[in-house]
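The values are calculated or read from the model by the stated rules, or taken from the named source; none is laboratory data. Note that the structure is a prediction, hence the values are computed from the model and not measured. A quick note on method: Cβ atoms are made from the backbone with ideal geometry, for glycine too, and the neighbour counts reach across all protein chains shown. Remember, those area values only see protein heavy atoms, side chains included, never the ligands or the DNA or RNA. Shrake-Rupley method; radii C 1.70, N 1.55, O 1.52, S 1.80 Å.
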2 protein chains.
Amino acid sequence: MAARKTAAKKPKSAKKKTVDLSDLKARNAQMDALTLEMIREAAKRVHSDILKHAKPDLTFPVRSLKNVSYSGKQGFFEIGKQKKVRTLTVNTVKSFAQTLRMMGLSKELVENNDFATKRDAYYQSKNWDEARFDEQTESDTVMDDIEALFSVRNLSREQLRFIPDEHGGAVAGRLIVLDPDRDTGEVERIDCTRFGSGAYSIPSTVEQLSFETDAKFILAIETGGVFQRLQSHKYWQTADCILVSLAGVPTRSTRRFIRKLSDDCKIPVYAFVDCDPYGISNIYRTLKVGSGNAAHLSQFFCVPQARYLGVTPQDIVDYRLPTHPLADVDIKRAKDALKNDPFFKAHKPWQKAIEQLLKMGVRAEQQALAKWGLNYVIDEYLPRKLEQRAQFLP
Amino acid sequence: MAARKTAAKKPKSAKKKTVDLSDLKARNAQMDALTLEMIREAAKRVHSDILKHAKPDLTFPVRSLKNVSYSGKQGFFEIGKQKKVRTLTVNTVKSFAQTLRMMGLSKELVENNDFATKRDAYYQSKNWDEARFDEQTESDTVMDDIEALFSVRNLSREQLRFIPDEHGGAVAGRLIVLDPDRDTGEVERIDCTRFGSGAYSIPSTVEQLSFETDAKFILAIETGGVFQRLQSHKYWQTADCILVSLAGVPTRSTRRFIRKLSDDCKIPVYAFVDCDPYGISNIYRTLKVGSGNAAHLSQFFCVPQARYLGVTPQDIVDYRLPTHPLADVDIKRAKDALKNDPFFKAHKPWQKAIEQLLKMGVRAEQQALAKWGLNYVIDEYLPRKLEQRAQFLP
């Protein structure tokens, strides 16, 4: 244990990567202006159509797997060119009005520097008289359409001030998060080395954040148990890194946080998840390239620079890990990935790895490394893997 | 919005409640010594029985609903006097050995100042030769038995250094958490007013923490959406409080954190959850009195001092909230609570409230308040409710 007995010190300032705060402010103000402009334009078009006694319409990208492509160059799922047109008729009058009101709500939120969750927006509509939503699924669909529309101009739903209901994951390590106060603009400096055994909990929206760090990589971890072990033993100190707990399939804000941190500070992202089809094709694939039926989000929310540290099928052999047999659902998921998933189809090493897993017929959890000692993961596994980064799966 | 425009300031020191750190250290050391003593004693008894050629046995409290009582005085579910005896025979030799090895692992963890999750412990056993567990359910059962045994001497599983796999919830507000470094003992001061739009993420185990606060109450919140709203608008500043996000049914460490904070600093706990049978009988009841089939935990993990701020069935009427009809599962859950749950059977006001809900046939989410404006919850609902604390449900 002696090797891990190191006191917390501040990140060295020598090679610290910093962001200019006034730049960030200006960029955020620009995005807000663009958002307001787009909303006003859409409303104006509708208004002038009505004045001309023409039927107004709104055009949205089609959100479905059929209208998705995997861009090897960009590294994420992209939404295609198919559009659907919503014309104002007797039948569409309600959803047409709802779409306009929802965009109006967004305008209000940007102007007041406030935000709303999907659920908030649904309940807000209860005061929209005849335009109120009866079910949240209806308001979610309208919000998704608007989101897809704005994504074409590189604006995310968070920019529209619609934020997710769920929280983000936990963060610890060599990172200072800069978060400007929403009222005063005063910047809070949050030092993620100073949380003791606890951690920094990522807010629902992260667009306003900037970062200072001298970390060499971000380690994205599937389970809370492994995150707590690495955090309590200050693994981030010895390995010069930032730990992020994914807690299963990462939430929007966790993915966006990792992406933004990695982009802004130019640091690589390594994923450390269970070796099973769920860890590989749900957790890792969603983190890296996004998910098929939400391709309009991928440009913001995926982390194309992520690489797969482990646990790999070969690790099961090399580290003689305790395993469980693959369940039917695992086998189905793995075969689906090989056959239908554009990401896995584009990467030979992944096809080999998944085929190896299917052939072995077993899966292994990251905590299986505890067979060799609770801190084997810190003392042996991670250092060995990190010496061979070129071999990480894509 | 002007009312909420207040800059972050440090908690006033005047009425700050603090804990003596050396006291805390001494208490923790005492608990560790007691844990080791109990493990050694159990092992010695077995050893001397064997030397006397007698059959050794281990005695555990029975963990089942039949062996549970609701103590109105204590305010939580208590485990009864029924015991089960595990005698060493040909049939029990494996589980007997496993129980001893598991206690041995706990002894090692206390001595090395380390910890293991349930899953870690399971994988550790893969190196115990014939005593290894084949399934994690087996090792969980053995751990639960040991936990029940030690609970009789007021030692929690965390004291045995077995920690949960899941993380805790998020915290923001007028609170400083003191967390001693596990190696150096140096104390980290974590100021929960200084996390911008983010929050403090509660670690898996909180026994080592102490607190400084001048907050007037703890607000335990069901949904991430409402937590983010109150946090982003610094509601904790205007209301002098601490916000805790439960994120559904609170994890062990979240419940323990709230309990310890409330006990140590003598501040009341108010729960703010959805008005439906799940929010009332699962989330709130579990927070307040524990859960029936884990009664041996309740003494540590429930928060008997918690009171129910809302959303109440009467709030649905008073605030004209948008509702959803109760589903069959809601009705079943509510009727179960009235008929079988010792907690609700002990509290008339709750019986009336649940009967009112059943009669109305509807439920309402806490975010339904957004009908009256996104910040209605901050500007109107919470202030009004807090003026009538005596009327909070028990």
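Checking every one of the GluC sites (Glu not before Pro) in the range A:114-215 against DSSP loop status and a limit of 12 other Cβ atoms within 10 Å picks out A:E135, A:E186. Per-residue 3J(HN,Hα) values for the range B:340-348, derived from phi via the Karplus relation 6.51 cos²θ - 1.76 cosθ + 1.60 with θ = phi - 60°, read 10, 8, x, 5, 5, 5, 8, 10, 3 Hz in sequence order (x marks Gly and Pro).
Based on C-alpha pairs under 8 angstrom that are at least 6 apart in sequence, chain B has a relative contact order of 16 percent. Is any residue of the range B:140-166 close enough, with backbone N under 16 Å, to a label point placed 7 angstrom from the Cα of B:Q82 along the Cα-Cβ axis, and if so, which? Answer for the range B:140-166: B:145, B:148-149.
How would you classify the range B:118-169 from its alpha-carbon gyration tensor, with a ≥ b ≥ c the square roots of the eigenvalues: rounded for a/c under 1.5, else prolate if a/b is greater than b/c, otherwise oblate? Oblate, because a/c is 1.5 or more while a/b does not exceed b/c.
Residue of chain B with the smallest Cβ distance to the axis mapping B onto A, distance rounded to whole Å: B:S201, 2. For B:D328, the distances from its label point to the matching points in the remaining copies are 2.5 nm, ordered from shortest, with each point set 7 Å beyond Cα toward Cβ. Annotation for A:P342, label-to-label distances across the other copies: 5.9 nm (shortest first, one decimal, point 7 Å from Cα along Cα→Cβ). For the range A:177-197, a reduction of at least 20 Å² in accessible area between the chain on its own and the assembled protein chains (probe 1.4 Å) is found at A:D179, A:D181, A:R182, A:D183, A:T184, A:E188, A:I190, A:R194, A:F195, A:G196, A:S197. Among the residues of B:110-122, the average count of other protein chain beta-carbon atoms within 10 Å of the residue beta-carbon is 5. Summarising the strand pairing of chain A, around 65 percent of its internal DSSP beta bridges are antiparallel. Apolar share of the accessible surface for the protein assembly as shown: 51 percent from carbon plus sulfur atoms, 1.4 Å probe. Principal semi-axes of the equivalent ellipsoid, √(5λ) from the alpha carbon gyration tensor of the protein assembly as shown, are 43, 34, 27 Å from largest down.
The simple spin-label model puts a point 7 Å past each Cα toward its Cβ; for A:A327 and B:Q305 those points are separated by 4.2 nm. Over all directions, the projected convex hull of the C-alpha atoms in chain B averages 21.4 nm² in area. Restricting to the range B:170-391, what percent of DSSP beta bridges are antiparallel, rounded to 5? Within the range B:170-391, antiparallel bridges account for around 55 percent of the total. With R₀ fixed at 35 Å, the C-beta to C-beta distance from B:E387 to A:V93 puts the FRET efficiency at about 0.20. Using the rule -39500 (n - 2.57) for each DSSP H run of four or more residues, divided by the residues of chain B, the 222 nm mean residue ellipticity is -12000 deg cm²/dmol. Shape verdict for the range B:23-163, please, from the Cα gyration tensor: rounded (a/c under 1.5), prolate (a/b greater than b/c) or oblate. Here the range B:23-163 falls in the rounded category. Averaged over the residues of peptide B:365-375, the number of Cβ atoms from other protein chains lying within 10 Å of each residue's Cβ is 6. Translational diffusion of the range B:170-391, estimated by Stokes-Einstein from the Kirkwood radius over alpha carbon pairs at 37 °C in a medium of 0.692 mPa s, is 182 µm² per second. For peptide A:216-227, the mean count of partner chain Cβ atoms within 10 Å of a residue's Cβ comes to 3. For the range A:245-314, the list of trypsin sites (Lys or Arg not before Pro) that fall in a loop by DSSP and count at most 15 other C-beta atoms within 10 angstrom reads A:K266.
With 26 Å as the limit, the listed pairs A:K266/A:K288; A:K126/A:K288; B:K216/B:K359 have A:K126/A:K288; B:K216/B:K359 beyond it between alpha carbons. Scanning residues 5 or more positions from A:V362 or on other chains, those with amide H under 5 Å from its amide H are A:L326, with H placed 1.01 Å from N in the peptide plane. Of the beta bridges in the protein assembly as shown, as assigned by DSSP with both residues counted there, near 65 percent are antiparallel.
Loop-located GluC sites (Glu not before Pro) in the range A:326-394 (DSSP state other than H, G, I, E, B) with a sparse environment of at most 15 neighbouring Cβ atoms within 10 Å: A:E387. Rounded to the nearest 20 debye, the dipole size of the protein assembly as shown about its Cα centre is 40 debye, using +1 on the Cβ of Lys and Arg and -1 on the Cβ of Asp and Glu. Ligands, DNA and RNA are left out, and with a 1.4 angstrom probe the accessible area of the range A:23-163 is 51 Å² per residue. A point 7 Å from Cα along Cα→Cβ stands in for B:Q391, and the other copies hold the same point at 6.9 nm, listed in rising order.
Between A and B, roughly 5300 Å² of accessible area is buried in total, ligands, DNA and RNA not counted and the probe set to 1.4 Å.
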